Amino acid sequence: MARALGGSGRGAARQAAFWDGQILLPVMLLVVAGALAVYSATVHGPGGGAALFWRHLAALLVGALAAATLAYVPLRGLEDLSPLFYGAAMLLLLTVLFAGEAASGARRWLAIGPLRLQPSEPAKVATILLLAHYLARKRCDLRRIGSLAGALALIALPALLVMQQPDLGTALAFSAVGLVMLIWAGLPGWILILLASPLVTAGLASLKFLIPGPPSVRVIAWVPYVLCAAFLLRRARRSWYLILLFVLLQTAIAIEAPRIWEGLEPYQQARVSAFLYPERDPAGSGYQVIQSQIAIGSGGWLGAGFRKGSQKALAFLPRQHTDFIYSVVGEEFGFVGAATILLLYAVLIFRGAVLARESRGRFGSLVAIGVTTLIFYHTAVNIAMTLGLAPVTGLPLPFLSFGGSFLVTSLGAVGLLIGVGARRREQ
């Protein structure tokens, strides 16, 4: 810790370096906007009360402390402690499967006295830290099967545990962040094609269950992708045997796609169907998407005004203080307010990518790109969901959604980003 703070002269310079305006200013403005939106959605929402708002402020305080702590911990200390953080996170994920609170057929929360913890949230940061530590090692070469298998195992373990809760949206967050970190660490393009192809083929092959049309056309929707991928593999000078094995594997996955679709939980199937055709069930699975679009559209250019959103006040807008908080912003502050929120996220994400590129230390660079990807993933998926451009996944919006484990984790992740930025000149 003393090294992180430095001596008298250098200490002042380093301390000043922690105040990165391109990180702190967007986050602070987003936090303020989130507090206003939560206040409007809870205190002045249907059945309003101040309890949820005060809980949100308490989570903000805890998150600020977490951010300050992680910002000042030396990167070497974080790297050394990353296996401990990861192990504790996996233990909590296992515990929640057996002793977690059951709600709507899912177990995602642990009750510790008056506190409730969602272990999947701190597990995201723990996975970023350990994966960065693993990939930063000199002997880690992702072109070798052993190194690649180890990295994939670190990503797959929390993702599979979260899938058992079940929570598909959060499980995919581990995969998205892990994949970007692997690419940043130098994953060869042809290996990326092999890793991504099963999911892409399964998704394309499943379109035949979702999109009306002639069966022959729907069944072969995945064929152009497989042919293009095979061509790219050949361009990468992969052997014909590998390409043949690749095509056979994709064909088997396409054939098994019906079982993949049938293996989803009913609510997950309903969310995908509602995303594609919300108008088919406007009072059921499509209700959330339709009401969110109405709320955002009704805001116009400048919005209805703070605390004056009719969709929110009449309880038409579901989960308005959590998953659909962006709809509250759009309804009450209009296009200008919603666009400003997007701009703040863009500044933060761009700054994170710059810090990842500028960091001389491999561990710090990987942590920065992992945190930046995590923020981008949650932001993109949540806002696309509220606009009807993606299925409803239940993912909250960073710094805006009602607080708790996710808000504390998001602010803690920003603390890591600040710490990497302050030490980006260190090897």
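Are any residues in segment 384-427 part of a helix (DSSP H, G or I) and small (Gly, Ala, Ser), and if so, which ones?
384, 405, 410, 412, 413, 415, 419, 421, 422
Quick grid of which residues meet (1) of a type in the set (A, V, I, L, M); (2) within 27 Å of residue 110 (Cα to Cα); (3) part of a helix (DSSP H, G or I); (4) modelled with pLDDT of 95 or more:
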| position | (1), (2), (3), (4) |
| --- | --- |
| 11 | no, no, yes, no |
| 14 | no, no, yes, no |
| 38 | yes, yes, yes, no |
| 54 | no, yes, yes, no |
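Yes or no: segment 119-135 includes at least one residue that is of a type in the set (Phe, Trp, Tyr) and touching a Pro at 6+ places or on another chain (Cβ under 8 Å).
No.
Here are some conditions: (1) in a helix (DSSP H, G or I); (2) within 15 Å of residue 173 (Cβ to Cβ). Residue 335 meets all but one. Which one does it not meet?
Exception for residue 335: condition (2).
Of the residues 363, 350, which is under 30 Å from residue 79 (Cβ atoms) and touching a His at 6+ places or on another chain (Cβ under 8 Å)?
Among 363, 350, only 363 is under 30 Å from residue 79 (Cβ atoms) and touching a His at 6+ places or on another chain (Cβ under 8 Å).
Pairs only if they're at least six apart or on different chains, beta carbon under 9 angstrom, first in segment 380-398 and among the hydrophobic types (A, V, I, L, M, F, W, C) and crowded, with 19+ Cβ neighbours inside 10 Å, second modelled with pLDDT of 90 or more and not in a helix (DSSP H, G or I); list them, first residue then second.
383/397
Does residue 242 satisfy being of a type in the set (A, V, I, L, M, F, W, C), in contact with a helix residue (DSSP H, G or I) (Cβ under 6 Å, 6 or more places away or on another chain) and either within 24 Å of residue 175 (Cα to Cα) or at pLDDT below 85 (or both)?
So residue 242 does not fit the description; no.
Tell me, which strands (runs of 3 or more DSSP E) lie completely within segment 94-191 with 1 or more residues that are touching a helix residue (DSSP H, G or I) at 6+ places or on another chain (Cβ under 9 Å) and aliphatic (A, V, I, L, M)? Step through it out loud before you land on a result.
On the way: elements: 101-103, 106-112, 115-117.
The qualifying strands (runs of 3 or more DSSP E) are 106-112, 115-117.
The values are calculated or read from the model by the stated rules, or taken from the named source; none is laboratory data. Worth saying up front: this structure is predicted, and the values here are computed from it rather than measured. So basically every Cβ, Gly included, is an ideal-geometry build from the backbone, and we count neighbours across all protein chains shown.
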